[in-house]
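Read through the structure below, which is laid out as structure tokens, and then see the notes.
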Amino acid sequence: MQDFFHNIVSEIGVFDVIDILIVAFVIYKILGFIVKTRAVQILKGVLVLIVALIVSDVLDLYTLNWMCKGAVAMGAVAILVVFQPELRRALEYMGRGSFMRPAFAQENKEQVKRDVNQIVRAVDDFSADKVGALIVFEGQTLLEDIVETGTVLDATISEPLLGNIFYEGSPLHDGAAIIREGKVHAAGCVLPLTGSQEIGKNLGTRHRAGLGITEHSDALVLIVSEETGIISLARDGKMERYLDRKTVEKQLLDFYLKGGDLSERMEKMSGIRKWFGGLKGPVDVKEKVFGTSNERSTTQEIPADELQEAVRKFTTETKDLNELKDLEDLINDPDLKPAAPGKKTAVGEEGQDA
């Protein structure tokens with residue numbers, strides 16, 4: 001037995017380990033993706049079928065074994081049919097990628113904040129007056145099939161416009177409004193209902209529709225209950241309830257302005273430069289990180305968690321400072337600067353001599 005395991009270990013190479021780790025990671029992500037969905041119950045049924053096949057083969061239960069083999073033979077086709085919604089969602093999730101941003105974020109940042117402010121004010125009014133509303137913010141997945149079920153408006157976002165759309169007497173108030181590229185692109189749209197059994201029975205069609213569209217796309221959905229005025233937010237097949245105005249505003253800004261822009265990074269790195277510029281030596285660095293000598297004795301032991309946090313902060317800010325230094329070196333590169341008016345460059349002088 002010892003020789004058996006020794007031979008196995010000796011034959012394993014670096015690429016074999018990488019192969020095993022990749023497969024293990026893929027299986028882990030698949031299990032994490034289908035957890036808490038109806039796919040888990042189906043997976044349990046498949047496992048029961050496999051166990052029945054093995055047991056029937058060992059105990060010579062020929063009829064049961066024949067039935068299990070036939071079911072397994074058709075299993076590949078059955079999995080594609082049964083797991084079609086989950087497979088579609090998984091492929092869309094992989095295809096979206098995290099390196100792209102919604103088109104709304106390409107607009108002027110101030111314009112984005114103005115539009116978000118108009119939406120938040122409208123949602124706050126809906127909540128106070130118990131007006132039902134369903135607003136879908138399109139991400140990278142285009143919702144053309146959903147837009148076709150409603151009325152195309154392509155109108156500028158404003159509080160009065162949203163109020164008119166979801167006014168109880170409006171012909172569009174029962175459907176969803178689609179926000180695309182900083183405009184109310186369509187209204188009165190019909191959304192697919194979720195098939196999840198986890199959603200509360202006290203939630204109606206509006207909430208089920210809002211959750212359903214997030215299971216098929218990367219959209220973010222705001223839902224206002226007509227009965228209670230409670231504000232809910234759905235994203236990636238999950239729902240948060242009992243949101244207030246500040247939380248809604250933060251969620252929308254994070255959705256559209258995730259990661260910030262270059263000016264924010266420059267301001268941050270400029271502040272870090274000032275932070276390091278005020279340091280004169282190792283003693284100042286210690287005081288900046290751990291406080292002055294009056295706050296902590298030099299012989300006092302520093303807790304491990306506080307030391308780790310200080311090291312993390314110091315490492316992060318040092319990295320940002322190095323990025324700023326590289327950017328400044330590029331800006332101050334004399335080869336990239338234009339020549340001053342009336343001043344001859346070295347290239348120009350060589351050209352005259354020639």
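Which of the following residues is aliphatic (A, V, I, L, M) and under 18 Å from ASP125 (Cα atoms): LEU193, LEU153, LEU162, LEU203?
Answer to the check: LEU162.
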Checklist entry - If you scan segment 243-257, which residues turn out to be in contact with a Ser or Thr (Cβ under 9 Å, 6 or more places away or on another chain) and under 15 Å from GLY210 (Cβ atoms)? => result LEU243
Checklist outcome for this item: Residue hits (segment 133-151; surrounded by fewer than 18 Cβ atoms within 10 Å (Cβ to Cβ) and touching a helix residue (DSSP H, G or I) at 6+ places or on another chain (Cβ under 8 Å)) are GLN140, THR141
Next on the checklist: Among (1) at pLDDT 80 or above; (2) not assigned by TED's automatic domain parsing to the domain that holds LEU43, there is one condition ASN108 misses while meeting the rest; what is its number?
Outcome noted: (1)
Next on the checklist: Step by step: first the residues of segment 191-215, then only those that are within 23 Å of LEU172 (Cα to Cα) and assigned to a loop (DSSP other than H, G, I, E, B), then the one that is modelled with the highest pLDDT. Which residue is that?
Outcome noted: LEU191
Checklist outcome for this item: Exception for GLY200 within (1) over 23 Å from the mean Cα position of the chain (by Cα); (2) within 22 Å of ASP115 (Cα to Cα) falls at (2)
Checklist outcome for this item: Those residues of segment 123-146 that are over 16 Å from GLY182 (Cβ atoms), among the aliphatic types (A, V, I, L, M) and not in a strand (DSSP E or B) come to a total of 4
Item to check | Selection within segment 195-222 - touching a residue at least 24 places away in the same chain (Cβ under 8 Å) and not hydrophobic (A, V, I, L, M, F, W, C) | outcome: GLY195, SER196, GLN197, GLU198, ARG206, HIS207, GLY210, THR214, GLU215, HIS216, SER217, ASP218
Next on the checklist: For the list (1) surrounded by 14 or more Cβ atoms within 10 Å (Cβ to Cβ); (2) part of a strand (DSSP E or B), I need the number of the one condition that ASP154 fails.
Outcome noted: (1)
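For every residue, the table says whether it meets (1) of a type in the set (Lys, Arg); (2) surrounded by fewer than 20 Cβ atoms within 10 Å (Cβ to Cβ); (3) outside the structural domain of ASP154 (by TED's automatic domain parsing).
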{"residue": "HIS185", "(1), (2), (3)": "no, no, no"}
{"residue": "PRO192", "(1), (2), (3)": "no, yes, no"}
{"residue": "GLN197", "(1), (2), (3)": "no, yes, no"}
{"residue": "LYS201", "(1), (2), (3)": "yes, yes, no"}
{"residue": "GLY204", "(1), (2), (3)": "no, yes, no"}
{"residue": "HIS207", "(1), (2), (3)": "no, no, no"}
{"residue": "ILE213", "(1), (2), (3)": "no, no, no"}
{"residue": "HIS216", "(1), (2), (3)": "no, yes, no"}
{"residue": "ALA219", "(1), (2), (3)": "no, no, no"}
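The values are calculated or read from the model by the stated rules, or taken from the named source; none is laboratory data. Worth saying up front: this structure is predicted, and the values here are computed from it rather than measured. For neighbour counting, all protein chains shown are included, and Cβ atoms are generated from backbone atoms with ideal geometry for every residue, glycine included.
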